[in-house]
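The values are calculated or read from the model by the stated rules, or taken from the named source; none is laboratory data. The structure presented is a predicted model; accordingly, all values stated were derived computationally and were not measured. So basically every Cβ, Gly included, is an ideal-geometry build from the backbone, and we count neighbours across all protein chains shown. To get the accessible areas, we keep the full protein, side chains included, count just its heavy atoms, and leave off ligands, DNA and RNA. Shrake-Rupley method; radii C 1.70, N 1.55, O 1.52, S 1.80 Å.
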Amino acid sequence: ASGTASVQPVTLASSNSQPNVVIFGSGFPAGEFLSTYMDYQGVTVFLIRRDGDQFPSADGTFQTEMRPSTAGKRFTPVPGLYTITVVSESGARASAPVLITAAKE
């Protein structure tokens, strides 16, 4: 099975801030735990849920707000193109690009 995820551009307020990303998904198995991570230039960082759905609904959809985890090592996102991937317990997965831009002053 494969799912679909949609991400939106994120604004990075400053070099020390952690941007929140709102992720929408469909086609995932209902009620399964989802792992979400972000890749950038060979670095993989797991995302932590801040708000929204923890598991897909009965129709396989979810919406959740997440931010990068800083556990284990310091990670400060810099402007650039990242890939966000969502994987369910049974292996359904989807990925999408997200562009982090510098804040406009």
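For this structure, a couple of remarks:
- Criterion applied to 72, 3 was being open to solvent by less than 40 Å² (accessible area, probe 1.4 Å) and at pLDDT below 90, and the one residue passing it is 3.
- Checking each residue in the stretch 43-69 for being in contact with a strand residue (DSSP E or B) (Cβ under 6 Å, 6 or more places away or on another chain) and open to solvent by 80 Å² or more (accessible area, probe 1.4 Å) picks out 46, 49, 50, 51, 63.
- Test: residue in the stretch 25-40 that is open to solvent by 70 Å² or more (accessible area, probe 1.4 Å) and either acidic (Asp, Glu) or at pLDDT below 90 (or both): no
- Close pairs from the stretch 86-97: first among the charged types (D, E, K, R), partner at pLDDT 90 or above and part of a strand (DSSP E or B), Cβ under 7 Å, at least 6 apart: 93/85; 93/86; 93/87
- Cβ-Cβ under 8 Å pairs, at least 6 apart or on other chains, the stretch 42-54 side of a type in the set (A, V, I, L, M, F, W, C), far side outside any strand (DSSP E or B) and at pLDDT below 90: 43/75; 45/69; 45/75; 46/69; 46/71; 47/69; 48/69
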